[in-house]
Amino acid sequence: GEISLRGSPNVKILVNGRPNRTGHESDKVDNIPASLIDKVEVITSPSAKYDPDGMAGIINIIMKKGKYEGLNGSLKANGKHNNYGSIGDMNGFTAYGNYKSGKWNLYSAYSSNKRLRNVNGDRTVDRKFYEATDGSPDSTSNIYSYDFVNESDRLGHSFKFGTDYYFNEQLIVTGELNYDIHTRTGTNKQDNILPF
């Protein structure tokens, strides 16, 4: 699900030379049907107009001419199950729709994602004391051991609606409305084993 170029995830995604809008995030291309793609250009040395500082490159997806006319859309659902949670705890849904007719193009997308994160482990702290007068080590030394469990639920909703008006091949006016909300709840449990 991640896009990287020459080992770097800092990649700019374009569709027909313009920023990608077909997913709930600018770097998602999951919602572009493969049947609509004519070719994919990989640009490893972009010009200054793309603000290439720190960028690995550009991937430009060229759509087939005339194939984007009319109504297009896609639905995607996903779920995950492991030792920490089930599909009810880790799931996602994305819907995308696009309608193009003449000089007008309308598009919208909705995405919902629920993710459960569980991290557990342990650590040991060795605490030593030193004499204030000469700096020599004291005989007192405490070792603490900790076991911890961090669990968090992350829920996100994203919605966008926009329109394009094509004056000509060089001039396109776009208006877009975006709404995003992300919440996170979690617990942090730590067991402290007394010094020994």
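Within segment 71-117, restricting attention to residues that are part of a strand (DSSP E or B) and of a type in the set (K, R), which residue is most open to solvent (accessible area, probe 1.4 Å)? Of everything passing the filter in segment 71-117, R115 is most open to solvent (accessible area, probe 1.4 Å). Here N120 meets each of (1) open to solvent by less than 90 Å² (accessible area, probe 1.4 Å); (2) of a type outside the set (V, I, T); (3) at pLDDT below 85; (4) under 30 Å from N16 (Cβ atoms) with one exception, condition (4).
Considering only residues that are open to solvent by 100 Å² or more (accessible area, probe 1.4 Å) and in contact (Cβ under 8 Å) with a residue 40 or more places away in the chain, look in segment 166-189 and name the one that is nearest to Y144 (Cα to Cα).
Among them, the one singled out is K189.
Take the conditions part of a strand (DSSP E or B), basic (K, R) and either at pLDDT 85 or above or closer than 20 Å to D180 by Cβ (or both) and apply them to R127. Does it pass? No: the conditions fail for R127.
The values are calculated or read from the model by the stated rules, or taken from the named source; none is laboratory data. This structure is a prediction, so every number in the text was calculated from the model and none was measured. In this analysis, Cβ positions are derived from the backbone assuming ideal geometry, glycine residues included, and neighbour counts consider all displayed protein chains. The accessibility values were calculated without ligands, DNA or RNA, using every heavy atom of the protein model including side chains. Shrake-Rupley method; radii C 1.70, N 1.55, O 1.52, S 1.80 Å.
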